[in-house]
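The values are calculated or read from the model by the stated rules, or taken from the named source; none is laboratory data. Here the structure is a predicted model, which means the values were calculated and not measured. Here Cβ is always computed from backbone atoms with ideal geometry, including for glycine, and neighbour counts include all displayed protein chains.
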Amino acid sequence: MKVKIWGCRGSLPAPGPETMVYGGNTSCVQITHGDTFIILDAGSGIQRLGKYLNPQVKEIHILLTHLHIDHMMGLGFFQPLYNPDVTVHIWGPSSGKESLLNRLRRYFSPPLFPVMFSELPNHPIIHELGYDNFEFGALKIHSEYVCHPGPTLGYRISDGKGVLAYMPDHELSLGSANFPNDPEWTSGFEIANSADLLLHDGSYNAKEYATKIGWGHSSVRDAVAFGKMCKVKKLAIFHHEPMHSDHQLEHILHTSLRNQKLDFEVFLCTEGDEFEI
Amino acid sequence: MPAQPLELILARQFADSLSMPVFIVDTEGNLLFYNEPAEEIFGLRFSETGGMRLEEWATIFRPIDEEGNPLPPEGLPLVKTLTNQIPASGSFYINNLKGERILISVTAVPVIGRSNRYSGAMAIFWKTQLQ
């Protein structure tokens, strides 16, 4: 399973000289395994992914964690949607009430966007998810709701040899009783348990988180504690706060890891990173 | 042990912040959590017992009528909710571990999450009076 990061910024694209190292595009991750092609989230990073996509890819599965704008703002600029030879499936969280299609149409229509789904050469095929297990080729996928405002999913993707866990927007302290001491009562544990690579929300330092409780995001310190609890092999801190410069991100990680003895690798996710799992 | 679904995790967080006694059970009636105010009714501490299987906690928590006769389980609000997945309310007496007979009112509600996933029930108690 090959994984490539096309965007790991949170909330808002943040291009500029102060974010050159870790990147400014919002959430978008490419997964390839044989002929299977999956994209996690359609943030602004999906625009470049579409530009460099292998033209031989004819079927694409886009798995949305949720419908906050930073996770779908790139969808209208994803070139394969305008290619009649490509079939695009969009998978996302069921709300239990309004259909996923209707909720997607709010963005994919004027005044937010000039083109409607019905004007595309192929209407994307929409699939609603909750607590589900399904397969694309040899890849097994598990989805479940995690703690974040509005219907939000985490994804666990396994090829039988390795596991990628993806929770870009996840508030651990609010979604857990007695965190980080009780896995049974911690949102997202089933997604991340023993993963080879966990891409996890680490938007804030501990002081910032104290003023943003309930916003749906975690501190780097909590993300590290979660990685430790889940016994992951690698933790990539994801969803970098758009106000944070490269230097500030490095400082937050450094202070969050101070005095910690960890038996797994923790690093800041970087746009352009590639992993073989 | 597999992790609990988000709805139950958040229900526990909510219960933990309340001053009214709350029980949380799974779909089989196994007791997953009771909060600190419920410890007073139960006479036990969650930190010492953890969750309990139905047959275990049913022997400790015994609803009775005014004369002390055991009540049939099918008439109890939490059992009705678990059976029908709808809210139910009622009042009954219990004897706490101090030997006091307490009249309590209970409202039980099913926990049904997104995708209509049924995960269990919450029972909220009000201590009405000491006999």
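Do the conditions hold for B:I41, that is, is it surrounded by 15 or more Cβ atoms within 10 Å (Cβ to Cβ), out of contact with any His (no Cβ under 6 Å at 6 or more places or on another chain) and modelled with pLDDT of 95 or more?
no
Does the stretch A:190-200 include one or more residues that are surrounded by fewer than 24 Cβ atoms within 10 Å (Cβ to Cβ), within 11 Å of another protein chain (Cβ to nearest Cβ) and either in contact with a strand residue (DSSP E or B) (Cβ under 7 Å, 6 or more places away or on another chain) or among the acidic types (D, E) (or both)?
Yes, the conditions are met somewhere in the stretch A:190-200.
Considering only residues of the stretch A:41-93 that are aliphatic (A, V, I, L, M) and over 18 Å from the mean Cα position of the chain (by Cα), which is nearest to A:C28 (Cα to Cα)?
Selected residue: A:L53.
Hey, could you check the stretch B:106-126 for residues that are farther than 19 Å from B:E36 by Cβ and small (G, A, S) and say which is nearest to the other protein chains (Cβ to nearest Cβ)?
Looking at residues that are farther than 19 Å from B:E36 by Cβ and small (G, A, S), I get B:S115.
Can you find a residue that is part of a loop (DSSP other than H, G, I, E, B), β-branched (V, I, T) and buried (at least 23 other Cβ atoms within 10 Å of the Cβ) anywhere in the stretch A:204-227?
Here is the first cut: in the stretch A:204-227, the ones part of a loop (DSSP other than H, G, I, E, B) are A:205, A:211-218.
Filter again for β-branched (V, I, T), leaving A:211, A:213.
Filter once more, so that each one left must be buried (at least 23 other Cβ atoms within 10 Å of the Cβ): none.
Within the stretch A:204-227, not a single residue is part of a loop (DSSP other than H, G, I, E, B), β-branched (V, I, T) and buried (at least 23 other Cβ atoms within 10 Å of the Cβ).
Would you pick out the residues in the stretch A:1-22 that are within 15 Å of the chain's Cα centre (by Cα) and buried (at least 16 other Cβ atoms within 10 Å of the Cβ)? Explain how you work it out, then say what you get.
Step one: filter the stretch A:1-22 for residues within 15 Å of the chain's Cα centre (by Cα), giving A:3-13.
Scanning the stretch A:1-22 gives A:V3, A:K4, A:I5, A:W6, A:G7, A:C8, A:R9, A:G10, A:S11, A:P13.
Here is a check on your reading of the model: is A:I191 closer than 27 Å to A:S218 by Cβ, β-branched (V, I, T) and out of contact with any Gly (no Cβ under 7 Å at 6 or more places or on another chain)?
Criteria not met by A:I191.
On the basis of being within 13 Å of another protein chain (Cβ to nearest Cβ) and polar (S, T, N, Q), does B:S89 make the cut?
No; evaluated as a whole, the condition is false for this residue.
Taking the stretch A:118-145 on its own, how many of its residues are in contact with a strand residue (DSSP E or B) (Cβ under 9 Å, 6 or more places away or on another chain), of a type in the set (D, E, K, R) and away from every other protein chain (no Cβ under 12 Å)?
So the answer is 2.
In the list B:F14, B:F33, B:F46, B:F23, which residue meets the criterion of being closer than 15 Å to B:S119 by Cα and within 14 Å of chain A (Cβ to nearest Cβ)?
Being closer than 15 Å to B:S119 by Cα and within 14 Å of chain A (Cβ to nearest Cβ) holds for just one of B:F14, B:F33, B:F46, B:F23, which is B:F33.
Within the stretch B:36-73, how many residues are among the charged types (D, E, K, R), more than 18 Å from B:K98 (Cα to Cα) and outside any loop (DSSP other than H, G, I, E, B)?
3
Between B:K127, B:K98, B:K80, which is more than 30 Å from A:L129 (Cβ to Cβ), in a loop (DSSP other than H, G, I, E, B) and of a type outside the set (D, E)? Let's see the steps before the verdict.
Numbers: B:K127 fails: in a loop (DSSP other than H, G, I, E, B); B:K80 fails: in a loop (DSSP other than H, G, I, E, B).
Exactly one residue qualifies, and that residue is B:K98.
So that you can scan it fast, the table gives a plain yes or no per residue for (1) under 20 Å from A:V29 (Cα atoms); (2) among the charged types (D, E, K, R):
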site	(1), (2)
A:D201	yes, yes
A:K207	no, yes
A:K212	no, yes
A:H217	yes, no
A:K233	yes, yes
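Which residue, of A:G188, A:G227, A:G216, is modelled with pLDDT of 95 or more, small (G, A, S) and out of contact with any helix residue (DSSP H, G or I) (no Cβ under 9 Å at 6 or more places or on another chain)?
A:G216
Counting only residues that are closer than 23 Å to A:L129 by Cα, surrounded by fewer than 23 Cβ atoms within 10 Å (Cβ to Cβ) and among the β-branched types (V, I, T), how many does the stretch A:33-59 have?
So the count comes out to 1.
Looking only at residues that are of a type outside the set (K, R) and surrounded by fewer than 23 Cβ atoms within 10 Å (Cβ to Cβ) in the stretch A:152-174, which one is nearest to the other protein chains (Cβ to nearest Cβ)?
Here the residue is A:L174.
Which condition number does A:N178 fail, the rest of (1) assigned to a loop (DSSP other than H, G, I, E, B); (2) at pLDDT 95 or above; (3) farther than 27 Å from A:I46 by Cβ being met?
Only one criterion is unmet by A:N178, namely (2).
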